[in-house]
Amino acid sequence: MKIIGWKIEGGLPENEKKIVIIVVPHTSNWDFLIGMVIRGAMGFKANFLGKDSLFKGPFGFFFRSLGGIPVDRNARQNMVEQVVEEAKKRKSFILAIAPEGTRGKVKKWRTGFYYIALNAGIPIIMCKLDYGFRVARFLEPFYPTGNEEKDLEFIKGQFINIKGLADI
């Protein structure tokens, strides 16, 4: 982390073996590389969802070996239910996801992360990927209540004034 000039604040809860980590904001392809360095520095293995085109051709094996799970964003395949079942089957499950769903500015987040955590009964860990201060801040676990509107308002409020690479 020192080599790339970043630091980590907070961490993952030791008593939780299953979590969903949301990483915000997602404004650049560099976010993935920074995330891989953070993951390595913290010593955990996480799965991530990525558009299926990343997993085609010569790089498919590479992204799968890093924990990637291909997602066809054009198909309605009950992805949330599939991921929930996978989480329930495993002793340990860490899923890192960018709720914006894309690197561009969005007005509305995708809510799959929320329903994965809610339906699997596992917490959401919020990670602020702040390029302004070059710090990854991990917040305390948040357990979804089922009140989507209220919960998402709270979650989004944790990311006010965080600068992605595209914002600096």
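Read-outs: derived from the displayed coordinates by stated rules, not from any lab. Quantities reported herein were computed from a predicted structural model and do not represent experimental measurements. Every residue, glycine as well, gets a Cβ built from its backbone with ideal geometry; the counts of neighbours run over all protein chains shown.
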*Of 135, 154, 36, whose Cα points farthest to the positive end of the dipole of the range 7-159 (charges on the beta-carbon: +1 Lys, Arg; -1 Asp, Glu; origin at the Cα centre)?*
36
*Rounded to the nearest 20 Debye, what is the dipole magnitude of the chain about its Cα centre when Lys and Arg each give +1 and Asp and Glu each give -1 at the C-beta?*
420
*What is the diffusion coefficient of the range 113-168 in µm²/s, taking the Kirkwood radius over Cα pairs and the Stokes-Einstein relation at 25 °C with a viscosity of 0.890 mPa s?*
200
_Pairwise centroid distance, computed over Cα atoms, of the range 1-38 with the range 93-168, Å_ = 12
*Of the labelled options (i) 0.99; (ii) 2.09; (iii) 1.10, which one gives Cα Rg over 2.2 N^0.38 Å as computed for this structure?*
(i)
*Please go through the residue pairs 91/163; 17/105; 7/91; 7/163; 45/150 and name each one whose alpha carbons sit more than 27 Å apart in this structure.*
91/163; 17/105; 7/91; 45/150
*Rounded to the nearest 5, what % of the DSSP beta bridges within the chain are antiparallel ones?*
20
*With +1 on each Lys and Arg Cβ and -1 on each Asp and Glu Cβ, and nothing else charged, work out how big the dipole of the range 13-68 is about its Cα centre, in Debye to the nearest 20.*
200
*Spatially proximal aspartates and glutamates relative to residue 56 (Cα-Cα < 17 Å; intrachain offsets below 8 disregarded)*: 72
_Under 10 Å, Cβ to Cβ, from residue 117 - net charge with Lys/Arg +1 and Asp/Glu -1_ = 0
*Order of 100, 149 - criterion: other Cβ atoms within 10 Å of each residue's Cβ, fewest first*: 149, 100
